[in-house]
1. Relative to the longest principal axis of the chain, what angle (0 to 90°, nearest 10) does the C-alpha long axis of helix 30-42 take?
2. For a distance above 20 Å, tell me the whole-number percent of Cα pairs in the chain that qualify.
3. Order of F9, F17 from fewest to most other C-beta atoms within 10 Å?
4. Using helices alone, I'd like the mean residue ellipticity at 222 nm for the chain: each DSSP H run of four-plus residues gives -39500 (n - 2.57), total over residue count, nearest 500.
5. Once you put a point 7 Å from the Cα of L19 and another 7 Å from the Cα of L32, both along the Cβ direction, what distance in nm separates them?
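None of the figures in this text is laboratory data; all of them are computed from the coordinates on show. The shown structure was predicted, so the numbers you read here are calculated from the model rather than taken from an experiment. All Cβ positions, even for glycine, are placed from backbone atoms using ideal geometry, and neighbour counts span all protein chains on display.
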Amino acid sequence: MTRKLTVVFNTELGRRFTLNINNPADEVTEELLLAEAQKMIDTNALAPMQGKPVSVHSAKIVEQHVTEII
């Protein structure tokens with residue numbers, strides 16, 4: 001099973017930017033996620049084409065079970 005953390009940011013251009021993080025830690029909480037996302041926003045660590053992120057719109061952990069056939 002694979003896991004990824006999907007964080008969707010609102011941008012200064014009124015658009016959305018999605019950041020996917022593979023294999024997130026098991027102890028991710030809303031408080032921790034918002035604090036780390038704010039650090040990325042404050043330091044301009046992200047520079048997507050959709051515009052500079054200004055806030056978090058949503059976040060979720062996606063678990064996927066993949067069965068290889070070939």
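1. Roughly 50 degrees between the two axes.
2. On the way: 824 of 2415 pairs.
Distances greater than 20 Å cover 34 percent of the Cα pairs.
3. Details: F9 24, F17 19.
So the residues, fewest neighbours to most, are F17, F9.
4. Details: 1 runs with 13 residues, N = 70.
One gets -6000 deg cm²/dmol as the mean residue ellipticity at 222 nm.
5. Those two pseudo-labels are separated by 1.6 nm.
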